[in-house]
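Visitor: Just passing along the structure, written as structure tokens.
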Amino acid sequence: MADRPDPQAQAGHNAPGLSLHVPEPKFRPGDAVDFSHVDVGEPGKQPRPDETCAPETMRDFAYGLVRVLGDDNRAHGPWDPKLDPETLRTMLGHMAMTRAFDERMFRGQRQGKTSFYMKCTGEEATSVAASMALASDDMVFPSYRQQGILIQRGYPLIEMINQIYSNRGDKLKGRQLPIMYSSKEHSFFTISGNLATQTPQAVGWAMASAIKGDTRIAATWVGEGSTAEGDFHSACLFATVYNAPVILNVINNQWAISSFSGFAGAERTTFAARALGYGLAGLRVDGNDPLACYAAEQWAANRARANAGPTLIEFFTYRAEGHSTSDDPSGYRSAQEREEWPLGDPVMRLKNHLIELGEWDEERQEKMDLEAAEHVKKVTKEAEANGILGHGLHHPFRTMFEDVFEELPWHLKEQAEQAIHERETKFPGGLPNEGKGA
Amino acid sequence: MSETETMSAPDQTPDQAPNQAEAKPERRLNMIEAINDALDISMQRDENVVVMGEDVGYFGGVFRCTAGLQEKHGKNRVFDTPISECGIIAAAVGMGAYGLRPVPEIQFADYIYPGLDQLISEAARLRYRSAAEYIAPMTVRSPFGGGIFGGQTHSQSPEAIFAHVSGLKTVIPATPYDAKGLLISAIEDNDPVIFFEPKRIYNGPFSGYYDKPVQPWKKFDQSVVPEGHYTIPLGKARLATEGEQVTILAYGTMVHVVEAVCKEKGIEADVLDLRTIVPLDIEAIEASVKKTGRCLIVHEATRTAGFGAELSALVTERCFYHLEAPVERVTGFDTPYPHSLEWAYFPGPIRIGEALDKILKD
């Protein structure tokens, strides 16, 4: 056997030594940032295929970038969704509100009003514009960075803040980490902290809708880093096997906490290209271009609703802030990245487009931003009247044991009695705030 | 009355066929047929019940539990899935959120692990984390246990893993009659249920003597399975045999093995078939151990941190002053399930017999 190693020989003696490639981002703290290697293509150049086209004809869409808004602030090409100015202003308003909300809640966390917060700064279009392209009763299975969907769907801000504060107004009874919202009324699935689990669940929901001959579709959002999870593979596979009416939105914001997208495979290919291996329709979209986001989601929704199949959309964007209140991005990436990001800021781009159309101006923008900030401030105060995290017990103690099962089995009943006994021992006079908020 | 008994209706005493069956001729089914019947009836009664899993559709399942269901109820409600336990459980979570009542099959319990995150972090937690906005009314069926020369990947008994997870119910039938009534209860339950089917006793009860021929279920009264709908409440044990000398806690295959050992040794034991381990029928356990003063726990699963440890702790905590001997456990060994040495691993008549001798010594 000629290829059998000589047991006496030194390992690898006659062949080049193997080396392990560990991905490394281009820029670290302090580095000058140059994004000229990022090919963003030209707005308006991508053709718009028919929604019912075969996935194998869409190869170029997995590597290119669907763009509509140009540097001239005008809409270009066949992907222009041709939205009327009122709709564009609504979109801008939801995005501005999302940003104002993020600012206030981030500050609230820093002030000790809650334990945790996550901003979506720079990614507002990927939730707000995409959500606007869906029907309001299409079911969404978001990750933790799609607060824009709830704002777009009209979920009351006070409910969001109550949840963030885990206060007595929190419909989730203080059980979930802040921002892990749930609203069945708004067809918004309960958010999980475990990554990518929502993606195959969305496919299951879409399968159920198809089983029942319903007309509603499902959409899910997942970060590019989380596509590494096996659940995402299951989602892609089940979606294509059952031709499920579902949209898999991958938010490629370049960073998963401190791990750049290369650790999810971005050094070798795009996330949209994952679609090709499954036979899914795949689109790669400028995630900072609200018109492109809307158009792509609308295309995929039309496709799903026509029983023409699922779509995987990669929204190419940039996480302008840290992962959450718990990390400091200046410790792992260059601060210049945000300024140098070649696709700009989605709020500014939509604002400038409306101004270019003669449908908006700086003065109205300033007024809108101010009103958004004031509205959030006012609602925050209202929510604070329901208590903030750490100020007393906001929910009756027994609620800790409820909803584990539909009914309380004996072992939980016994444990609830023990817990109540412990509180009575610690606070013999009882807690004045218990169940009534701070 | 245990707390959980009120959860399922109609209330029935164990081993008592419902009145509706009295007029009909006696029908004897093996456990596979009983499970198939339960699925069929559940699908007839509730159009939201869907059955999915590897090979469950056209083929009818590797153990035939879903035979004929696709033909009868259509491909939209009974369908094959990719070989992806994660995807199967996740899709069932999504279907449950939609309003369906999915009954996914995991072909062998040994294959369930890729689906654990979806079971533990998702299905079991939806109700709690959404304050009951979303629930996961799914029943995960899966053949489990050894004794069929399945080697380490077709023989495991992982029930303790699921019993440890808050928010999951775990059910293990030991007879065809129970399999049907418990499965219908599980499917109608609004919480996620793990339904482990002891595959060694699919076709007939097992005495523990692998070298003796299997007696088919039809020779035993527990195979009398009435037609139509009936339920057995989850959380209610069955007193398989009654005796004063010792209480034996078991479930699944081991119920029959301990019954055979007691018969052989002339021991009169309360053999309590737990039927569900979460919720557990603690009242039945306490009542029996306080009566006999001795307790043996038998399961096929590995010993360390097995469900027997929980049972032993509960009995000791609650019945200590009634005990006349230490609580004993008979279990599988803490090894992977071996293939050729299966019967050396299996907690058979010798291991059980010696434990009984020890517990009854004084």
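Values quoted throughout were computed directly from the atomic coordinates according to the rules given, and no laboratory measurement underlies them. Bear in mind the structure is a predicted one, so any value in this text is a computation, not a measurement. Every residue, glycine as well, gets a Cβ built from its backbone with ideal geometry; the counts of neighbours run over all protein chains shown.
Visitor: Once you charge only the Cβ atoms, +1 for Lys and Arg and -1 for Asp and Glu, what is the size of the charge dipole of the stretch B:238-360 about its Cα centre, to the nearest 20 debye? Could the numbers behind the result be given before it?
Guide: Details: 12 positive and 19 negative charges, 19 e Å.
The calculated dipole for the stretch B:238-360 is roughly 100 debye.
Visitor: Over the Cα atoms of the stretch A:21-75, what radius of gyration and what Dmax do you get, in Å?
Guide: 16.3, 48
Visitor: Same structure, new question: Averaged over A:190-201, how many beta carbons belonging to a partner chain fall within 10 Å of each residue's beta carbon?
Guide: 6
Visitor: While we're on this one: Based on the Cα coordinates of the stretch A:324-381, what is the per residue volume of their convex hull in Å³?
Guide: Taking only Cα atoms, the stretch A:324-381 has a hull volume of 118 Å³ per residue.
Visitor: Given the options A:D138, A:D72, A:D102, state which has the largest fluctuation in a GNM of chain A using a 10 Å cut-off (strictly under) for Cα springs.
Guide: Ranking A:D138, A:D72, A:D102 by mean-square fluctuation puts A:D72 first.
Visitor: Out of the DSSP beta bridges found with both residues in chain A, what percent are antiparallel (nearest 5)?
Guide: If we restrict to bridges inside chain A, about 15 percent are antiparallel.
Visitor: Another one. State which entries of A:K212/B:K180; B:K265/B:K358; A:K351/A:K377 exceed 25 angstrom in Cα-Cα distance in the structure shown.
Guide: A:K212/B:K180
Visitor: Of the DSSP beta bridges with both residues in the stretch A:232-319, give the percent that are antiparallel, rounding to the nearest 5.
Guide: That works out to approximately 15 percent antiparallel.
Visitor: Loop-only trypsin sites (Lys or Arg not before Pro) in the stretch A:66-154, please: DSSP not H, G, I, E or B, and at most 15 other Cβ atoms within 10 Å.
Guide: Counting only loop positions with at most 15 other Cβ atoms within 10 Å, the trypsin sites (Lys or Arg not before Pro) in the stretch A:66-154 are A:R74, A:K82.
Visitor: Something else: State whether the protein assembly as shown is rounded, prolate or oblate according to the following rule on the C-alpha gyration tensor (a ≥ b ≥ c being the square roots of its eigenvalues): a/c under 1.5 gives rounded; otherwise a/b larger than b/c gives prolate, and the remaining case gives oblate.
Guide: Taking the square roots of the gyration eigenvalues as a ≥ b ≥ c, the protein assembly as shown is prolate.
Visitor: Now, a different point. Write down the percent of antiparallel bridges among all DSSP beta bridges whose residues are both part of the protein assembly as shown, to the nearest 5.
Guide: Around 15 percent of the beta bridges assigned by DSSP in the protein assembly as shown are antiparallel ones.
Visitor: Could I ask something else about it? Gaussian network model of chain A, Cα springs within a sub-10 Å range: biggest mean-square fluctuation belongs to which of A:K212, A:K26, A:K184?
Guide: A:K212
Visitor: In addition: In whole Å, what three semi-axes, largest first, describe the equivalent ellipsoid of the stretch B:238-360 built from its Cα gyration tensor (square root of 5 times each eigenvalue)?
Guide: 22, 16, 13
Visitor: Sticking with this structure for a sec: Could you work out how far helix B:85-98 tilts from the main Cα principal axis of chain B, as a 0 to 90 degree angle to the nearest 10?
Guide: Computed tilt is about 60 degrees.
Visitor: Place a +1 charge on the Cβ of each Lys and Arg in chain B and a -1 charge on the Cβ of each Asp and Glu, then give the dipole magnitude about the Cα centre in debye, rounded to the nearest 20.
Guide: My answer is approximately 320 debye.
Visitor: In the structure displayed, which of A:K119/A:K173; A:K82/A:K171; A:K173/A:K426; A:K381/B:K169; A:K413/B:K199 lie more than 31 Å apart, Cα to Cα?
Guide: A:K82/A:K171; A:K381/B:K169; A:K413/B:K199
Visitor: Considering only A:H411, A:H186, A:H94, give the residue with the highest GNM mean-square fluctuation for chain A, with springs between Cα atoms whenever their separation is below 10 Å.
Guide: Judging by the Gaussian network model, the answer is A:H411.
Visitor: Which listed residue (B:G167, B:V56, B:I41) has the Cα farthest towards the positive end of the charge dipole for chain B, taking +1 on Lys and Arg C-beta and -1 on Asp and Glu C-beta about the Cα centre?
Guide: B:V56
Visitor: Can you give the calculated 222 nm mean residue ellipticity of the protein assembly as shown, where each DSSP H run of n ≥ 4 adds -39,500 (n - 2.57) and the sum is split over every residue, rounded to the nearest 500 deg cm²/dmol?
Guide: Working: 24 runs with 267 residues, N = 800.
Per the formula, -10000 deg cm²/dmol.
Visitor: In vacuum, with every alpha carbon of chain A counted as one equal point scatterer, what does the Debye formula give for log10 I(q)/I(0) at q = 0.09, 0.11, 0.12, 0.14 Å⁻¹? Two decimals, please.
Guide: Once normalised to I(0) and log-transformed, intensities are -0.63, -0.88, -1.02, -1.30.
Visitor: What share of Cα pairs, in percent, lie more than 16 angstrom apart in the stretch B:181-254?
Guide: 64 percent
Visitor: What chymotrypsin sites (Phe, Trp or Tyr not before Pro) in the stretch B:99-183 are in a loop by DSSP, with at most 12 other Cβ atoms within 10 Å of the Cβ?
Guide: Qualifying residues, ordered by number: B:F149.
Visitor: I'd like to know which of B:V271, A:A301, B:I89 lies farthest towards the positive end of the charge dipole of the protein assembly as shown, counting +1 on Cβ of Lys and Arg and -1 on Cβ of Asp and Glu.
Guide: After comparing all options, I get B:V271.
Visitor: From the alpha carbon gyration tensor of the stretch B:20-223, can you work out the equivalent ellipsoid semi-axes (sqrt of 5 times each eigenvalue) and give them in Å, largest to smallest?
Guide: Ellipsoid semi-axes (Å, largest first): 27, 20, 16.
Visitor: How shielded is A:206-218 by partner chains, expressed as the average number of their Cβ atoms within 10 Å of its Cβ atoms?
Guide: Mean shielding count: 4.
Visitor: A further question on this structure: Hey, got the average number of other protein chain Cβ atoms within 10 angstrom for residues in A:409-420?
Guide: 3
Visitor: How big is the charge dipole of the stretch A:108-192 about its Cα centre, in debye rounded to the nearest 20, if each Lys and Arg gets +1 on its Cβ and each Asp and Glu gets -1 on its Cβ? Display every interim value, and only then the final one.
Guide: On the way: 10 positive and 7 negative charges, 94 e Å.
The calculation lands at about 460 debye.
Visitor: Short version: ³J(HN,Hα) in whole Hz for each residue of the stretch B:277-294, in order, from phi by Karplus 6.51 cos²θ - 1.76 cosθ + 1.60 (θ = phi - 60°), x for Gly and Pro, what are they?
Guide: Per-residue couplings from phi come out as 9, 9, x, 9, 7, 5, 5, 5, 5, 4, 4, 6, 5, 5, 6, 8, x, 9 Hz.
Visitor: Using a cut-off of 15 Å between beta-carbons, work out the net charge of the residues near B:L356 (Lys and Arg +1, Asp and Glu -1, B:L356 not included). Don't skip to the answer; put the middle values down first.
Guide: Numbers: positive: B:K263, B:K265, B:R294, B:R329, B:R351, B:K358, B:K361; negative: B:E244, B:E259, B:E264, B:E268, B:D270, B:E324, B:E328, B:E354, B:D357, B:D362.
So the environment of B:L356 carries a net charge of -3.
Visitor: Also, I was wondering about something else. Would you work out which of A:G154, B:A355, A:S19 lies farthest towards the positive end of the dipole of the protein assembly as shown, given +1 charges on the beta-carbon of Lys and Arg and -1 on that of Asp and Glu, about the Cα centre?
Guide: The residue sitting most towards the positive pole is B:A355.
Visitor: Take the Cα radius of gyration of the stretch A:51-180 and divide it by 2.2 N^0.38 Å, with N its residue count; two decimals is plenty.
Guide: Normalised by 2.2 N^0.38 Å, the Cα Rg of the stretch A:51-180 equals 1.27.
Visitor: Another question, then. Inverting the mean 1/r over all pairs of different Cα atoms, compute the Kirkwood radius of chain B and quote it in Å.
Guide: Values: mean 1/r = 0.0489 Å⁻¹.
After inverting the mean inverse Cα-Cα distance, the result is 20.5 Å.
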